[in-house]
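In what follows, a structure is listed as structure tokens, so that the remarks can point back to it.
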Amino acid sequence: MKEYQTITEISGPLVFAEVDEPVGYDEIVEIETPAGETLRGQVLESSEGLVSIQVFEGTSGIDRNASVRFLGETMKMPVTEDLLGRVLDGSGRPIDGGPEIVPDERQDIVGAAINPYSREYPEEFIQTGVSAIDGMNTLVRGQKLPIFSGSGLPHNEIALQIARQATVPEEDEGGEGSEFAVIFGAMGITQEEANEFMADFERTGALERSVVFMNLADDPAVERTVTPRLALTTAEYLAFEKGYHVLVILTDITNYCEALREIGAAREEVPGRRGYPGYMYTDLAQLYERAGRIEGREGSVTQIPILTMPSDDITHPIPDLTGYITEGQIIVDRSLNSQGTEPPINVLPSLSRLMDDGIGEGLTRGDHGDVSDQLYAAYAEGEDLRDLVNIVGREALTERDNKFLDFADRFEDEFIQQGYETNRSIEDTLEIGWDLLSMLPREELNRIDEEAIAEHYREEAAEAVGAD
Amino acid sequence: MSTTERTEAVREDGVIQSVSGPVVTATDLDARMNDVVYVGEEGLMGEVIEIEGNLTTIQVYEETSGVGPGEPVENTGEPLSVDLGPGLLDTIYDGVQRPLDELEEKMGSAYLDRGVDAPGIDLERSWEFTPTVEVGDEVAPGDVVGEVPETESITHKVLVPPTFEGGEVTAVEAGEFTVEEVVVELSSGEEITMHQEWPVRKARPANEKETPTIPLVSGQRILDGLFPIAKGGTAAIPGPFGSGKTVTQHQLAKWADADIVVYVGCGERGNEMTEVIEDFPELEDPKTGKPLMSRTCLIANTSNMPVAARESCIYTGITIAEYFRDMGYDVALMADSTSRWAEAMREISSRLEEMPGEEGYPAYLAAALSEFYERAGKFNLIGGGEGSISVIGAVSPPGGDFSEPVTQNTLRIVKTFWALDADLAERRHFPSINWDESYSLYRQQLDPWYRENVAEEYPEIRQWGIDTLDEEGELQEIVQLVGKDALPEDQQLTLEVARYLREAWLQQNAFHDVDTYCEPEKTYRMLLAIKTFNDEAFAALDAGVPIEEIQDVDAAPRLNRMGTAEEWTEFIDELEADLETQIRELY
Ligand SMILES: Nc1ncnc2c1ncn2[C@@H]1O[C@H](COP(=O)(O)OP(=O)(O)OP(=O)(O)O)[C@@H](O)[C@H]1O
Ligand SMILES: [Mg+2]
């Protein structure tokens, strides 16, 4: 392996060096600083005689005398089942003081695309125990369902609750209880947030079936571009070679995108919307599309990426591009949060696109789809009326309208509200749904099959509401 | 992808000079623009996109990790082409027409490896060829010389290639042949096989276009009922994420009464393509009763697959569509999403350091879009007869803002606009097509068809529906200020009727076995039933019946069940009769 002391330029996270042999695109590079520190990087552009290198740990400490070594291979993640229970840094090196990791295989971290022909359509219901998700935005195995949040909102509590409670019910009956292996990829979160996650993992014993990758706020920004790839490579290995059902939590995608923007700016690329690179859609897709199921393989990769929307703006490029790739989104809402709703999930703009195939007779319950549709419609109607009632007052509204207003309030207080420790079965969730729907006149339930109404509609509740 | 034997045209090989993502430059490559080349030791497929002196720029259709300067570049001397012939249907391709099932087999993996190529159609399989010409017949380019039963529902027509001279048939064979065997010989010395190739960036020739007068019936009430697209027409569906572009495209691919469907998944999700592969073979074409897959060709270049192949997948799709058009078929092409295609152009263009236009898109964005949509239409074919291509493109505007370049440039071209609305999607009003903003410029030219095939009064009844919805829009603004109770009773009744129009007629559940497809007759009858309610209710109101009593008649909520009613004729007949009796009983 040849060493070069030919650095010609250092700019932001980039280093340019002259070479006299061909170097492959994406290849891994080691740079040794005069102080004896070894930094790692990756070839961003390779032309005859000159390469540009993106340095993961940042370029501070590098000068023109630093030596550059090209490792002749693209970045690999050493994988083994023994990774379960381990805590690694954002570049995949153990930081938990445990034994050295003896890999089974070393896999390319830039995962090749799954052949769409080889995929299996995800349709196994995951019970998270959270009504706003299970009832209204059902998650299935192999789905990518991000949490869109804002700074200071309890997205971590929601993610942790899902990680703790997620099971696939039918296997519960077999006594085994199918638990998920959890891969946690932190990108640029604070030490405090990291502690929150670690404490919860330790408290619940989840750490044993987890692999943690930590890139914290004060770790190098450029490293954030590899952390999720290491995490997903590990997830794919555990899922598709070892048969685990893997839940990948990535947080915070916003920090990841900032790192992309930083690199783009350093390369003087033509920026896309709001300064983010034009290829950010493709780049994010290469992460998110690594969720899924594969025909003939046991395991699955389910992704719950978390992102904080800058100024709560859902049209900002980060949530926008994410929403265009993922299979829905769970929206954490600031006003529900200040009203004290736990979890403060606003179901109206939330969506799970794989819900339709994961629910119903034999999967959850026959009436699930209809109930959820009806709850949506009724809540949306009640929500609309809130604006009006502020102007004209309750008295100016019809009796029908008043019922929808009450419905919206109770929907937030009883259906959405449950606290972070309550684990509701899908049965419980649907029953609460029926309690609420029964406040409305029977003929208003136009989205529900008549047989289901006959079976579940509570006549007394309707009369009680009618009476007061 | 067409894997022509390297002809004599093969020129000098070149050497890689630089690699940056999907863009590679090479020196000493003697190539023409758009030639297909094989890049590096692994032979990754690419296409020449710029030539400047001795430096050639190539977009590579596969991942370039690990590829470096000094590696060879080999030129095929041929432009990017597709293989055409029997075997295109019931198949799924990537963006450069490599069959994905073949790739899985060849790569022995569920992941897409590099440097593996496969012909677009099976060159070894034999097909039953039945000639439709005899020795002595004169044939010209585009003429049909024989037929092959390609799938259960589609007869493949073997054509004299457009590039041939034509002449007298000197020999003709019937029986089992592979696509490369000669089945017809001409006096010009030309030999016709069942296999043709065509460069994707060049439209296949056709004679002049005609004004389309027949609707592409979609079985979706809001489309057939309010904003129809013609066979040979163009439509755009823009909308923010999660508003229903893909579901609408899937609905069209399932239920539209086209002969052939080409579905291009351009830069979208893998699972959505899997869904089509899993669902379509099980679904029946409502017209022929045959599995839907047997009329369908899928092209899947998902968001995580190489971006250069995303740029080309649109062209691959439209070329295959043109080939079936040339057989006289009505083809429908869905592209989901054209925005991803535009972004692929932008990405490549920016790596080329071209001068960016609006929002970083290349200056030729508008031209590329219109060239693509121009390939739609109802055509007189060069071989005689007619064929059509309808194109329906999804558009994914950043932030859902329709003022961005891709939406705007598309709207300048297409004649049908189905505007998706996040607000409707949020309240689960599906399909979330906004009836105020959407339009179809085909409405009038299609009216004669509707009058003749559905109902003579169709256009008038439809206009009543549109007027009622418009009126609702205006009244809602007042309601927002004063509440509904403050409105006069007749206006309250209009709101009630409009609510039924929205909930019972415009809404349609794509996932309900019955509701998913609604024939035009049913669409019309449902609308008529709501009008019956309207007419009876207003008559009662005029007779002094209080509005609450009218609204509360038992039969009214049953309007909401029309869509899901299986025996809909009986259901609606009965419902109309009940509405009439019950409302008339009030006075
Ligand atoms: N006609 C319909 N009937 C029932 N549900 C629908 C209908 N149209 C859309 N939906 C619902 O809306 C969801 C989102 O629709 P879809 O996937 O088509 O959005 P999209 O516009 O393609 O979004 P993206 O741009 O992110 O791909 C679907 O998963 C489904 O739940
Ligand atoms: Mg879509």
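The values are calculated or read from the model by the stated rules, or taken from the named source; none is laboratory data. Predicted model only: the values in this text are computed from it and were never measured. Backbone-built Cβ (ideal geometry, glycine too); neighbour counts: all protein chains shown.
Odds and ends about this structure:
- Candidates A:E421, A:E383, A:E414 - the one that is at the interface with chain B (Cβ under 9 Å from one of its Cβ atoms), surrounded by fewer than 20 Cβ atoms within 10 Å (Cβ to Cβ) and acidic (D, E): A:E383
- Long-range neighbours under 8 Å by Cβ, at least six apart or interchain, first residue under 16 Å from B:F402 (Cβ atoms) and at the interface with chain A (Cβ under 10 Å from one of its Cβ atoms) within the stretch B:418-439, second within 12 Å of ligand 1 (Cβ to nearest atom) and part of a helix (DSSP H, G or I): B:A422/B:G400
- A:I304 vs. criteria more than 30 Å from B:E104 (Cα to Cα), in a strand (DSSP E or B) and of a type in the set (A, V, I, L, M, F, W, C): no
- All positions within the stretch B:179-198 that are surrounded by fewer than 17 Cβ atoms within 10 Å (Cβ to Cβ) and not in a loop (DSSP other than H, G, I, E, B): B:E191
- The test for being surrounded by fewer than 21 Cβ atoms within 10 Å (Cβ to Cβ), under 25 Å from B:K287 (Cβ atoms) and either in contact (Cβ under 8 Å) with a residue 40 or more places away in the chain or not small (G, A, S) (or both) does not hold for B:T523.
- Flag for A:F56 being within 14 Å of another protein chain (Cβ to nearest Cβ) and either within 27 Å of A:I101 (Cβ to Cβ) or surrounded by fewer than 20 Cβ atoms within 10 Å (Cβ to Cβ) (or both): no
- For the stretch A:336-352, the criterion of being in contact with a Gly (Cβ under 9 Å, 6 or more places away or on another chain) and closer than 14 Å to A:V140 by Cβ is met by at least one residue.
- Checking each residue in the stretch B:42-100 for being free of Cβ contacts under 8 Å to residues at least 12 places away in the same chain and either of a type outside the set (D, E, K, R) or assigned by TED's automatic domain parsing to the domain that holds B:V179 (or both) picks out B:G53, B:S65, B:G66.
- Contact map, the stretch B:395-409: first residue more than 12 Å from chain A (Cβ to nearest Cβ), second residue hydroxyl-bearing (S, T, Y), Cβ cut-off under 6 Å, separation 6 or more or different chains; pairs are B:V406/B:S339.
- The residue pairs whose first member lies in the stretch A:36-50 and is facing chain B (nearest Cβ under 8 Å) and under 18 Å from A:P220 (Cα atoms), whose second member is in a strand (DSSP E or B) and of a type outside the set (D, E, K, R), and whose beta carbons are closer than 6 Å, counting only pairs six or more residues apart or on different chains, are A:L44/A:S52; A:L44/A:Q54.
- Any hit, the stretch B:419-434, residues being farther than 28 Å from A:I330 by Cβ and in contact with an Asp or Glu (Cβ under 8 Å, 6 or more places away or on another chain): no
- When the test is whether a residue is within 14 Å of chain A (Cβ to nearest Cβ), away from ligand 1 (no atom under 15 Å from the Cβ) and not aliphatic (A, V, I, L, M), B:P306 passes it.
- Counting residues in the stretch A:54-72 that are touching a residue at least 24 places away in the same chain (Cβ under 8 Å), under 26 Å from B:P72 (Cα atoms) and aromatic (F, W, Y) gives one or more.
- Here is the figure for the stretch B:324-359: residues that are surrounded by fewer than 22 Cβ atoms within 10 Å (Cβ to Cβ) and among the polar types (S, T, N, Q) total 1.
- Number of residues in the stretch B:238-274 that are within 14 Å of chain A (Cβ to nearest Cβ), under 23 Å from B:S312 (Cα atoms) and aliphatic (A, V, I, L, M) equals 2.
- Residue among A:L354, A:L363 that alone is in contact with a strand residue (DSSP E or B) (Cβ under 9 Å, 6 or more places away or on another chain), of a type in the set (A, V, I, L, M, F, W, C), at pLDDT below 95 and within 16 Å of ligand 2 (Cβ to nearest atom): A:L354
- Number of residues in the stretch B:368-427 that are assigned to a loop (DSSP other than H, G, I, E, B), of a type in the set (G, A, S), within 16 Å of ligand 1 (Cβ to nearest atom) and surrounded by fewer than 24 Cβ atoms within 10 Å (Cβ to Cβ) equals 1.
- Test: residue in the stretch B:247-261 that is buried (at least 23 other Cβ atoms within 10 Å of the Cβ), near ligand 1 (Cβ under 7 Å from one of its atoms) and farther than 15 Å from B:V331 by Cα: yes
- Counting only strands (runs of 3 or more DSSP E) that fall entirely inside the stretch B:75-153 and contain at least 3 residues that are aliphatic (A, V, I, L, M), the qualifying elements are B:144-149.
- Among the residues of the stretch B:364-379, those identified as without any contact (Cβ under 8 Å) to a residue 60 or more places away in the chain and of a type in the set (A, V, I, L, M, F, W, C) are B:L365, B:A366, B:A367, B:A368, B:L369, B:F372.
- If you filter the stretch B:440-488 down to residues that are without any contact (Cβ under 8 Å) to a residue 12 or more places away in the chain and either crowded, with 17+ Cβ neighbours inside 10 Å or small (G, A, S) (or both), you find that the one that is nearest to the other protein chains (Cβ to nearest Cβ) is B:G483.
- Scanning the stretch B:503-514 for residues that are within 11 Å of another protein chain (Cβ to nearest Cβ) and more than 16 Å from ligand 2 (Cβ to nearest atom) gives B:E503, B:A504, B:Q507, B:N509, B:H512.
- Scanning the stretch A:1-41 for residues that are among the aliphatic types (A, V, I, L, M) and farther than 13 Å from A:R69 by Cα yields a count of 3.
- When residues of the stretch B:332-362 are limited to those that are assigned to a loop (DSSP other than H, G, I, E, B) and closer than 15 Å to B:I49 by Cβ, the one farthest from ligand 2 (Cβ to nearest atom): B:E353
- Look at the stretch A:135-152: where a residue is within 14 Å of chain B (Cβ to nearest Cβ) and assigned to a loop (DSSP other than H, G, I, E, B), no partner that is crowded, with 24+ Cβ neighbours inside 10 Å and among the aromatic types (F, W, Y) sits 6+ places away or on another chain with Cβ atoms under 6 Å.
- Given (1) buried (at least 16 other Cβ atoms within 10 Å of the Cβ); (2) at pLDDT 90 or above, number of the condition A:R106 does not satisfy: (1)
- Checking B:L223, B:L186 one by one, the residue that is closer than 30 Å to B:H429 by Cα and aliphatic (A, V, I, L, M) is B:L223 and no other.
- Complete set of residues in the stretch A:339-364 that are surrounded by 18 or more Cβ atoms within 10 Å (Cβ to Cβ), away from ligand 1 (no atom under 16 Å from the Cβ) and touching a residue at least 60 places away in the same chain (Cβ under 8 Å): A:T341, A:E342, A:P343, A:P344, A:I345
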